[in-house]
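Notes for the one structure printed next.
The values are calculated or read from the model by the stated rules, or taken from the named source; none is laboratory data. This is a predicted model, so every value here is computed, not measured. Reconstructed Cβ throughout: ideal geometry from the backbone, glycine too, with neighbour counts over all protein chains shown. All accessible areas refer to the heavy atoms of the entire protein, side chains included, with ligands and DNA or RNA removed. Shrake-Rupley method; radii C 1.70, N 1.55, O 1.52, S 1.80 Å.
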Amino acid sequence: MRQPLTLRILSALDTRSWLAIGVFLALALVVVPVLHLAVAEDSAFHLSTYFITLIGKIMCYALVAVAMDLIWGYGGILSLGHGLFFALGGYAFGMYLMRQIGRDGSYGADLPDFMVFLDWKEIPWFWSGSDSFGWVALLVVIVPALVAFVFGYFAFRSRIKGVYFSIITQALTYAAMLLFFRNETGFGGNNGFTDFKRVLGYSITSPETRLVLFGLTAVLLAVTLVFAAWLVKSKFGRVLTAIRDAESRVMFIGYNPLWYKLTIWVISAIICGIAGALYVPQVGIINPSEMSPANSIEIAIWVAVGGRGTLIGPIIGAFVVNLAKSWFTVSFPEYWLFFLGLLFIVVTLMLPQGLVGLWKKLMTQKQGGAA
């Protein structure tokens, strides 16, 4: 007898993993707010606004890393353009945040400041409904999903794979970046969107709002991890892994790889779009630089460093790389790119399974030594 869906989702993770998620949520939803709001700023235990913003931003990156792991680690599809979906979600929610500024902008007009500066007389048609939170929430999901579906359908139907697929995804995000840099597209040009004031009527800079966004990001990261674990252990996930390892054999036994690849590709894009929507109000800006090919390559590095095909590895990789980036760009800004390149080379040559693979290897050796 087949188990109910709820039981299958709960059984996707073992007891230790559920305990780890519980501890993570307790820290994010209870400990962090208390240390930020209830502890005096001059105390060593106080968590600053900078800390809240930094960790919130990295959790958004971790969501993207999980999305990348689903397509690369389990589907064998290396994308070098996932920054596009992240930015599309960010821009969609950024439109709502820009409309929420109202007449509090620099020009005191109903139009966003950049439109007034460019002498626009009215809101463009594609901004229609952008003052509605519900509509924009749909756009955050629909726009990345639609772009991913159209691109993925033609790419996978043509059986483009490997390095050719990676190059095409990189070209796609680069073309989108150039498009969004143009002022006439109606997305703020090279400056993008910034100077946000409110979200759902609440001040976006208030400590309470920041903590709500922080907690929501933590919850969605946990939910995404559970969903991804269930997905890769389901029949769909097993077929997807088989396609990664031997696509021709899977086709021989009657499965069509197109729809499996396309499905995981669209799911991955949606996760990136949601991550982008959570990122923008916490960081306070979105511009075309988020679509740069370098950003998408960095996403792949997070997954490689943590360990692809493990789900938890990409989260670890996102935290390790971005915390190191925050430290290096302050202490040794001129050496950060050299460090990132060296890290990628070391991981590729010496840690092909990433940090998670290294940990498993050390535990195996320890157990072997104890025996």
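Tell me which residues, restricted to the range 1-23, are open to solvent by 60 Å² or more (accessible area, probe 1.4 Å) and part of a loop (DSSP other than H, G, I, E, B). MET1, ARG2, GLN3, PRO4, SER11, ASP14, listed by residue number. Residue check: ILE286 meets all listed conditions (1) more than 16 Å from GLY75 (Cα to Cα); (2) within 13 Å of the chain's Cα centre (by Cα) but one, namely (2).
Considering ILE285, ILE301, ILE297, the condition of being farther than 27 Å from GLN353 by Cα and in contact (Cβ under 8 Å) with a residue 24 or more places away in the chain is satisfied by ILE285 alone. Right, LEU146: surrounded by 19 or more Cβ atoms within 10 Å (Cβ to Cβ) and modelled with pLDDT of 95 or more or not? No; evaluated as a whole, the condition is false for this residue. Has the range 177-200 got any residue that is farther than 22 Å from GLY276 by Cα and either modelled with pLDDT of 95 or more or among the β-branched types (Val, Ile, Thr) (or both)? So far as the range 177-200 goes, no, none of its residues is farther than 22 Å from GLY276 by Cα and either modelled with pLDDT of 95 or more or among the β-branched types (Val, Ile, Thr) (or both). In this structure, VAL116 does satisfy being at pLDDT below 90, surrounded by fewer than 24 Cβ atoms within 10 Å (Cβ to Cβ) and β-branched (Val, Ile, Thr). Given the conditions (1) in contact with an Asp or Glu (Cβ under 9 Å, 6 or more places away or on another chain); (2) of a type outside the set (A, V, I, L, M); (3) open to solvent by less than 60 Å² (accessible area, probe 1.4 Å); (4) free of Cβ contacts under 8 Å to residues at least 40 places away in the same chain, which single one is not true for SER206? SER206 satisfies all of (1) in contact with an Asp or Glu (Cβ under 9 Å, 6 or more places away or on another chain); (2) of a type outside the set (A, V, I, L, M); (3) open to solvent by less than 60 Å² (accessible area, probe 1.4 Å); (4) free of Cβ contacts under 8 Å to residues at least 40 places away in the same chain except (1). Annotation: of all residues in the range 291-330 being open to solvent by 30 Å² or more (accessible area, probe 1.4 Å) and among the charged types (D, E, K, R), the one that is modelled with the highest pLDDT is ARG308.
A residue that is over 18 Å from the mean Cα position of the chain (by Cα) and among the small types (Gly, Ala, Ser) occurs nowhere in the range 307-317.
The number of residues in the range 344-371 being under 13 Å from VAL303 (Cβ atoms) and of a type in the set (A, V, I, L, M) comes to 4. When residues in the range 24-58 are screened for being out of contact with any helix residue (DSSP H, G or I) (no Cβ under 8 Å at 6 or more places or on another chain) and either surrounded by fewer than 11 Cβ atoms within 10 Å (Cβ to Cβ) or charged (D, E, K, R) (or both), 7 of them pass.
Being in contact (Cβ under 8 Å) with a residue 60 or more places away in the chain and farther than 21 Å from PHE85 by Cα holds for only one residue in MET177, MET98, MET115, and it is MET115.
Table: residues versus (1) surrounded by fewer than 20 Cβ atoms within 10 Å (Cβ to Cβ); (2) touching a helix residue (DSSP H, G or I) at 6+ places or on another chain (Cβ under 9 Å); (3) over 27 Å from GLY76 (Cβ atoms); (4) of a type outside the set (A, V, I, L, M, F, W, C).
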position: ALA109; (1), (2), (3), (4): yes, yes, yes, no
position: GLU122; (1), (2), (3), (4): yes, yes, yes, yes
position: ASP131; (1), (2), (3), (4): yes, yes, yes, yes
position: ILE168; (1), (2), (3), (4): yes, yes, no, no
position: ARG182; (1), (2), (3), (4): yes, yes, yes, yes
position: GLY192; (1), (2), (3), (4): no, yes, yes, yes
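The residues of the range 344-371 that are open to solvent by 40 Å² or more (accessible area, probe 1.4 Å), part of a helix (DSSP H, G or I) and under 27 Å from LEU63 (Cβ atoms), listed by number, are PHE344, ILE345, VAL346, THR348, LEU355, LEU358, TRP359, LYS360. Annotation: of all residues in the range 242-257 being surrounded by 17 or more Cβ atoms within 10 Å (Cβ to Cβ) and out of contact with any Pro (no Cβ under 7 Å at 6 or more places or on another chain), the one that is farthest from LEU13 (Cα to Cα) is PRO257.
Scanning the range 59-101 for residues that are of a type in the set (Val, Ile, Thr), surrounded by 23 or more Cβ atoms within 10 Å (Cβ to Cβ) and in a helix (DSSP H, G or I) yields VAL64, VAL66, ILE71.
Farther than 30 Å from ALA38 by Cα, open to solvent by 30 Å² or more (accessible area, probe 1.4 Å), within 18 Å of the chain's Cα centre (by Cα) and modelled with pLDDT of 90 or more - does that describe any residue in the range 226-236? Write out each step before concluding.
Initial filter on the range 226-236 (farther than 30 Å from ALA38 by Cα): 226-236.
Next, only the ones that are open to solvent by 30 Å² or more (accessible area, probe 1.4 Å) stay: 227, 230, 233, 235-236.
Then keep just the ones that are within 18 Å of the chain's Cα centre (by Cα); that gives 227.
From the residues that got through so far, the ones that are modelled with pLDDT of 90 or more too are 227.
There is at least one residue in the range 226-236 that is farther than 30 Å from ALA38 by Cα, open to solvent by 30 Å² or more (accessible area, probe 1.4 Å), within 18 Å of the chain's Cα centre (by Cα) and modelled with pLDDT of 90 or more.
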